[in-house]
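Below is one structure; the comments refer to it alone.
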């Protein structure tokens, strides 16, 4: 060996096309696969978490005397999971043989369509969760004294004897609950979008970025 | 990633990635896969770059880490030899360069352990001991001794190769 390894290194790279970078035709494909895989994983995890949470609420609510909250919530969450799962399964219908750009475009429209559809479901889900909580607290069993709602009503009647009762429930209480339910329903879409932003925000931004990037490349 | 992220931020440093990926792969196909994965990781982690170091140093570090990870994954798949252990022989000869001496040098480098490959690549790229230590995450005091040992081994491997193949 005549030359030092340092000179072999230096001189070797001086010759013609020693350092030509390979073409990256598939780079966008890989990036989109990675992004969508991540999104799908998170979506599945989210559904698993919801099922787990519904069981947790159910199990905890019974011993603490809030079964009127736990049982409805269990059903609400699981119905929500079933609806979301059904929507998620429609993802399989997207043609994967399209180009990366077309695939991402279809995926993006699918995502927006689902956000709108599930957003509508949430206009019912959030108020129902709220109502379950109201029922849960109203029927909270406080031992010999009966339900919390009845104790509260008795106290209100003692303090404000002129309170109007509807089936044993103070009218003002009903009005407040109805108003709050309406407000929650009204703001449910915003709440859902906020929730979505927290969980999937960065992924959705990346998807939009990737799409605009590919659009630029196409022009 | 802006549309020209690859052209503006990766391509000018492609030489670094190529030199590193060549040292960790035996075939053109593997080389292209590794190169692609390094580029992809640079894009994915570009927001983590805090400008505390040079962009080129960042690329060195990332390229080495990606190659080491991919090698580990490949090794797991093939279950040929343990991590950081010297392979008995490089299975596929890679004549990637026009310069035959460079091909021989790479052949010898590929017979070093994974960490030794990283050290010698950075040394040949004229990185200081401190930079090598920073990139690899080791103590700069040991780098000098390690380089001497690696160079001696490389010389032996090159002489052996020349006497074997003429």
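The values are calculated or read from the model by the stated rules, or taken from the named source; none is laboratory data. Remember, it's a predicted structure, so these values are computed and weren't measured experimentally. Please note: Cβ atoms are built from the backbone with ideal geometry, for glycine as well, and neighbour counts cover all protein chains shown.
A search for C-beta distances below 6 Å between a residue of the range A:101-123 that is closer than 19 Å to residue A:82 by Cβ and any residue that is assigned to a helix (DSSP H, G or I), counting only pairs 6+ apart in sequence or on different chains, returns A:114/A:87; A:119/A:189; A:119/A:192; A:121/A:83; A:122/A:188; A:122/A:192; A:123/A:185; A:123/A:188.
Just give me the residues in the range B:1-19 being facing chain A (nearest Cβ under 9 Å) and either surrounded by 15 or more Cβ atoms within 10 Å (Cβ to Cβ) or at pLDDT 90 or above (or both), in sequence order. Selection gives B:1, B:3, B:5, B:6, B:10, B:11, B:14, B:15, B:17, B:18, B:19.
Screening the candidates B:58, B:43 for the property of being surrounded by 20 or more Cβ atoms within 10 Å (Cβ to Cβ), in contact with a helix residue (DSSP H, G or I) (Cβ under 9 Å, 6 or more places away or on another chain) and not in a loop (DSSP other than H, G, I, E, B) yields one hit, B:58. Considering only residues in the range B:131-161 that are within 19 Å of residue B:62 (Cβ to Cβ) and without any contact (Cβ under 8 Å) to a residue 40 or more places away in the chain, the one that is nearest to the other protein chains (Cβ to nearest Cβ) turns out to be B:132. Of the listed requirements (1) modelled with pLDDT under 75; (2) facing chain B (nearest Cβ under 8 Å), residue A:33 misses just one: (2).
Among the conditions (1) surrounded by 13 or more Cβ atoms within 10 Å (Cβ to Cβ); (2) modelled with pLDDT under 90, the only one that residue A:198 does not satisfy is (1).
Comparison of A:216, A:145, A:189 shows that the only residue that is modelled with pLDDT under 85 and more than 25 Å from residue A:64 (Cβ to Cβ) is A:216. Per the conditions (1) modelled with pLDDT under 80; (2) surrounded by 14 or more Cβ atoms within 10 Å (Cβ to Cβ); (3) more than 16 Å from the chain's Cα centre (by Cα), the sole criterion not satisfied by residue B:80 is (2). Residue count for the range B:38-60, restricted to those that are more than 14 Å from chain A (Cβ to nearest Cβ) and under 19 Å from the mean Cα position of the chain (by Cα): 6. Summed over the range A:158-184, the residues that are assigned to a helix (DSSP H, G or I) and in contact with a strand residue (DSSP E or B) (Cβ under 8 Å, 6 or more places away or on another chain) give a count of 2.
The combined condition, being under 18 Å from residue B:22 (Cα atoms) and modelled with pLDDT of 85 or more, is fulfilled by residue B:125.
Inside the range B:95-115, residues that are touching a helix residue (DSSP H, G or I) at 6+ places or on another chain (Cβ under 8 Å) and away from chain A (no Cβ under 13 Å) make up a count of 4.
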